[in-house]
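Any read-out appearing in this document is the output of simple, stated calculations on the displayed coordinates, not a laboratory observation. Note that this is a predicted model, so its numbers are computed, not measured. Cβ atoms come from the backbone with ideal geometry, glycine included; neighbour counts cover every protein chain shown.
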Amino acid sequence: MVTLGSWDYGIIVVFFALTLGIGLYVSKSSGKSSEDFFLSGRSMPWWLLGMSMVATTFSTDTPNLVTDIVRTNGVSGNWVWWAFLLTGLLTVFIYAKLWRKSNVSTDLEFYELRYGGAAAKFLRGFRAVYLGVVFNVITMAAVTLAAIKIGGVMLGLEPWQTVVSAGLVTVIFSAVGGFKGVVYTDFVLFFVAMAGAVGAAYYSINLPEVGGIGALLSNKVVQTKLDIIPDLSDTGSLVPLLIIPLAVQWWSSWYPGAEPGGGGYIAQRMLSAKDERHAIGATFFFNIMHYAVRPWPWILVALASLVVFPDLDSIKEAFPIVSDDKLGHDLAYSAMLTKLPTGLLGLVLASLVAAYMSTISTQLNWGSSYIVYDFYKQRINPTASEKQLVRVGRYATVGLMVLSALLALALQNALQLFELLLVFGAGTGLIFILRWFWWRINAWSEITAMFVSGGLSLLFKLTPLGLYLFDQKIGILPDWSEYVLVVLITTLAWLVVTYATPPEKETVLFNFYRKINPGGPGWKKVVEKGKRNGIHFEPTTGWSVPKGLLAMFLGSIFIYASLFAVGYCIYGKWLWASILTLCSLIAGAALLLLWNKVKESIG
């Protein structure tokens, strides 16, 4: 446990006051209508939305998760989330403009734009509860679990004390300020969070026990964790750490913040943008900051923790107050922060609170938008006034906070939850990518994928097919095969159902194409039939997807090369750093030239 000085308390108090002040300041305008409360009147600029996305995906569990990954699987273990850059750039260059053109209030409203009938209504209502409540509560619980561990290690707080103190301010400004309050505070929270992360990394590697960057990198334990690419000769680690994420995971799994084709709170921000260009600019800015700029401060703290706390026993010895059910490698990040001096300690604590608040406030506003638009208004009170919708949104915000706090008290490990969420959405991603461009996909395709993926995930996690007992594997399948099997079986199941069930009604397909105008060979049959029936479609000036895929490829090289160039600079490998920097510059220049050719086709 650490002792806070007057500077620490001062920084934290000012931070809380500023955050609450912003929420209260925008509360009046946010409460005018449900669109203001959940989308800020669709008037947000790209830079503010991009900052908000970055702040949201930096939560208290993120550095804990990265620390767990590095300590367990090394730096290369981060490919489990680095691979989602491909998903993000697919959203940037192909789907961002489509979402903004749809003009829906939530991404779930898309279901009744793309599909029709009772199946579409069921899908929208069910996923409002499934994602807005169940998935959302689990995600927020993971974030709150990280806050519990930080509070326990650094301040000696009981779990319930952390939950109450961390959640109270967040739920107040989220319920009062709405989406505008979330985005405005995210702008402040981002800078506070980044300053704290960089400060913690710099101080951690210069601790006497660590001895500076040179001593850290020459430490025998740390050297085994430094590889950015897994050992190509070790198939036991190469397959799960690199091949599965890059070959299968990025396009096949639905995961909050990295949904194939866009979705969730990322879609909410695209829908709130001023126009299509602002939606694209926001998502591209987010991917640059999230992958190329932010990871290394967390990684450095994780590597330093291997020197100071080489195993779980050393963490337990240093912090006996932590209960056994909360002990894990992710706790090492919090343990390292106890070494910080007064002043920096206050900044880092404020940064962690900022990370917590930015993520939770977004999840609360996004989840309550599902409850309001896609469940309450659709199923309970279709004639609800705007004031009623805002009021229900505020009640839902409080309710989601309470549920997530209760679940957090029962959880143990952030990495376990991350892996469970990955498998739970496995196999559904391909539908989210193709449904915009292939007319034959229908509501039953998505319903099938959702239930088959969820059922298989429970089968592998809760039966002897993949069960662990007291940390000993007793199942018959290797870990990495579970994910692949879920993807394969789920994909086959929804494809069979797609062809076994009737397509959507022609009027639904005609209306969708006329509004979105996605183009491509997947809609050729529908367009030709519509023209024969005298339906007018706006002409397409060339299909934008091929250029979008090329932009995605160039953007991936640009960001990955930047990420790894920074890493090799830290490692002192200047030749590799120079080569990767050059690759990044060339890819960035090529991407800029390509963008200048295609931007005129964007509204």
Simple label model, 7 Å out from Cα along Cβ direction - Leu459 to Lys525, nm
3.0 nm
Charge tally for neighbours of Pro63 with beta carbon under 13 Å away, counting Lys, Arg as +1 and Asp, Glu as -1, is 0
Length gained when the stretch Ala410-Tyr571 is fully extended (0.36 nm per residue, less Cα-Cα span):
54.0 nm
At what distance in angstrom do the alpha carbon centres of the range 533-580 and the range 124-179 lie from each other?
34 Å
Given Cβ point charges of +1 (Lys, Arg) and -1 (Asp, Glu) and nothing else, what value in debye, to the nearest 20, does the dipole of the chain about its Cα centre take?
2280 debye
Select from Leu331, Ser252, Ser237 the residue farthest towards the positive end of the dipole of the chain; place +1 on Cβ of Lys and Arg, -1 on Cβ of Asp and Glu, and compute about the Cα centre.
Ser252
I want to check the label-to-label distance for Thr72 and Glu158. Put each point 7 Å from Cα in the C-beta direction and report it in nm to one decimal.
3.0 nm
Using 18 Å as the Cα-Cα cut-off, could you pick out the over-long pairs in Lys316/Lys339; Lys225/Lys316; Lys101/Lys524?
Lys225/Lys316; Lys101/Lys524
Net charge of neighbours whose Cβ lies under 12 Å from the Cβ of His278, counting Lys and Arg as +1 and Asp and Glu as -1:
+4
Under 16 Å from a point 7 Å along the Cα-to-Cβ line of Leu113: which residues of the range 38-54 have their amide N that close?
39-43
How would you classify the range 1-414 from its alpha-carbon gyration tensor, with a ≥ b ≥ c the square roots of the eigenvalues: rounded for a/c under 1.5, else prolate if a/b is greater than b/c, otherwise oblate?
prolate
The long-range amide H neighbours of Ala426, using H built 1.01 Å from N in the peptide plane and a cut-off of under 5 Å, are Trp254
In the structure shown, of Lys32/Lys97; Lys505/Lys531; Lys121/Lys505, the pairs separated by more than 23 angstrom at the C-alpha atoms are Lys32/Lys97
Quickly work out the Lys32-to-Asn596 label distance, labels modelled 7 Å from Cα along the C-beta direction, and quote it in nm with one decimal.
4.0 nm
Between Ser578 and Arg42, what is 0.36 nm times their sequence separation minus the Cα-Cα distance? Round to one decimal in nm.
188.7 nm
Using Cα pairs under 8 angstrom and six or more residues apart, how large is the relative contact order of the chain, in percent?
26 percent
For Ile321 and Leu217, compute 0.36 nm times the residue count separating them, minus their Cα-Cα distance, and round to one decimal in nm.
34.3 nm
